[in-house]
Amino acid sequence: MVGHELRQAAEDGRDAAPVLRAWLAAGGRPAPDRAGASPTPVPPELRALAARLLDDLALLPPASAADEPRSWPAIRATWPPPDHVPNRTTLPPAAPGHPTSPPTAEALPGATPLGTEPQPGHGPAHAAEAVPAPHPRQPTPGGPAAPPREHPPADPGARADDPPPAPEPTPPLPGTGTAQPPNNAAPQPLLRTGQEATPLRTGPEAPAPPTGTRTAQPPNDTAPQPQLRTGQEAPLLRTGQAATRPRTGPEATPLHTGPEAARLEAAWLGRAVGCLLGKPVEKLPLEGIRALARATGNWPLGDWFTARGVPPDVLAAYPWNRRSAPTSLAENIDGMPEDDDLNYPLLGLLLLQRHGKAFTTADVARLWLDELPAGRTFTAERIAYRNLLLGLEPPATATHHNPFREWIGALIRADVHGWTNPGDPAAAAAQAYRDAALTHTGNGVYAALFVAAATATAATGRADVHTALRTGLAVVPPRSRLAEAVRCGIRTAGQEADFDRVVDRLHARYGHYHWVHAVPNTALIAAALTHADGDFTRSVCHAVSGGWDTDSNGATAGALAGLLAGSADALPHRWTAPLKNRLATTVAGFDGIGFDTLAHLTAQEAARS
């Protein structure tokens, strides 16, 4: 882990040269290029030195602290005024190769005009000290939500050990007009049924739909009906602390059958498709992905990977991911196999079922210890899990000896927070922060905020992909490396008709990061979605063909593109049919569940206050 922390120090501007010299002099090795762990164990004396050096590295102040705040009030203070969030009408004329134009940097919230660099004083300076996640009963800030609202400045006297504010009173979330219930209230789900579905936001404070946007969802009368299984094949539905099978009698909970549930089914399916497409080439270098696809005439990537017809020398040079290939190549897909990119959304759904939208980071920690097998965690999540077992509490779980805290793990947990807050990106970002704070800091957290806010915008069915990406960027500190990378991805996608050129430019700029780091992967996701312009196949194929963390990038791009498609029927059959409406998982109570059932359960949580 010392090697990874030294790499992290170089990225965030810490002077770690003395630590590096001490580590190498003692026989320590640099971080492995592709793996998270060293290939062989190290002797006990080197382990002891590593622990001391990790403590020394933690004391070094990062040069990026002023531009990359960690506390929620400091992050929130970087958001643009709500009336400055652009809409579709701010986009320039269409760029070559695109039906519609992606936003330029000038049109993005907090962006620096092309060809210029942020100037000192452009944004507020914030200390990087760890403070608690936003308490769920605090008013959600008005930044990207909708009407202009002023929020009070952060309390300068707030400390990490301050108790959270009392749960009452609960004013409406800015831009929503929706008051949250007190902690002891049992919120009743507002069940949506077909054309009589409860609108997402109503009343004089409802956020107006973005002007000039495409409407992506199908008419109400075309929404597919979720098929809840009954009898022996019925999946377990979680309600509160207990798992129960779906009720089928006169008191059964009505199904969510309107356009909201249709979009959510497409989002779950899109996430699974993108993840599965990326699984066999995860960890492969970019040239390997291209060689394997070209060997079967599948380049530009447009279909599942296959081993049929790949010459032996190509397979020898670029072997498939050994764990994933048996379940993810075209010839052997049989339902959606288990993957952490689907396990975490399931846990997020379970979190909301048990604790509602008022969950805390401590609730996330307890849920993981109860429901997440330790062997199904990786990188930052595994370190945080270990820290919990050592008795540490958030936010120390994210920082203690955790060199992976800015990797992609929090991003892959963010979709569910956007799905359950349609039209309220500020609330989605606040939930994503409380989830991410268990394991990540800095750019690792910002990536989760970006995805949650973009997803919440797409979940309304009234926004196109470019509006969603702009809204996601609005909740990211504008001078952070993550914001710069997203702007670069969007800008580069608008400048190149050939997506291979986009990928080559991104790899030239961000190839020095680890392949699981949030910065390059979020840039690629933004570029893929921008270049695909809402097309589902191009969205997932661009994200996977760009390399780095292929399954996670494909999953996130597929989930957002699925929302934009509007229903499962709008997704190409060749992508959805092999999944057989079946998801494998070790998250108890969900193994074998259908994506239609997951959409119903997610719609229930979206309807809760």
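The values are calculated or read from the model by the stated rules, or taken from the named source; none is laboratory data. Every value quoted in this text rests on a predicted model; they were computed, and no experiment measured them. We place every Cβ from the backbone using ideal geometry, glycine too, and count neighbours over all the protein chains shown.
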> From Leu351, Leu369, Leu286, Leu276, which residue is surrounded by 16 or more Cβ atoms within 10 Å (Cβ to Cβ), closer than 30 Å to Glu393 by Cβ and within 23 Å of the chain's Cα centre (by Cα)?
Replying inline: Leu351
>> Going through Leu20, Leu49 one at a time, which residue ends up being in a helix (DSSP H, G or I), modelled with pLDDT of 85 or more, more than 22 Å from Gly511 (Cβ to Cβ) and not assigned by TED's automatic domain parsing to the domain that holds Phe450?
In response: Leu49
> under 23 Å from Gly423 (Cβ atoms), assigned by TED's automatic domain parsing to the domain that holds His355 and not hydroxyl-bearing (Ser, Thr, Tyr), is that true of His600?
Replying inline: yes
> Out of the range 553-587, which residues are assigned to a loop (DSSP other than H, G, I, E, B) and in contact with a strand residue (DSSP E or B) (Cβ under 7 Å, 6 or more places away or on another chain)?
Replying inline: Arg582, Ala584
>> Quick test of your reading of the structure: Leu482 fulfils all but one of (1) in contact with a His (Cβ under 9 Å, 6 or more places away or on another chain); (2) over 25 Å from Ala261 (Cα atoms); (3) assigned to a helix (DSSP H, G or I). Name the failing condition by number.
In response: (1)
>> Going by what's in this entry, would Trp548 be described as surrounded by fewer than 24 Cβ atoms within 10 Å (Cβ to Cβ) and either within 14 Å of Trp268 (Cα to Cα) or modelled with pLDDT of 95 or more (or both)?
In response: no
>> Tell me whether the range 439-446 contains one or more residues that are buried (at least 24 other Cβ atoms within 10 Å of the Cβ) and in a loop (DSSP other than H, G, I, E, B).
In response: yes
> Counting just the residues of the range 56-73 that are in contact (Cβ under 8 Å) with a residue 60 or more places away in the chain and in a helix (DSSP H, G or I), which one comes out surrounded by the most Cβ atoms within 10 Å (Cβ to Cβ)?
Replying inline: Trp72
> Of all residues in the range 590-609 being in a loop (DSSP other than H, G, I, E, B) and at pLDDT 95 or above, which is surrounded by the most Cβ atoms within 10 Å (Cβ to Cβ)?
Replying inline: Phe590
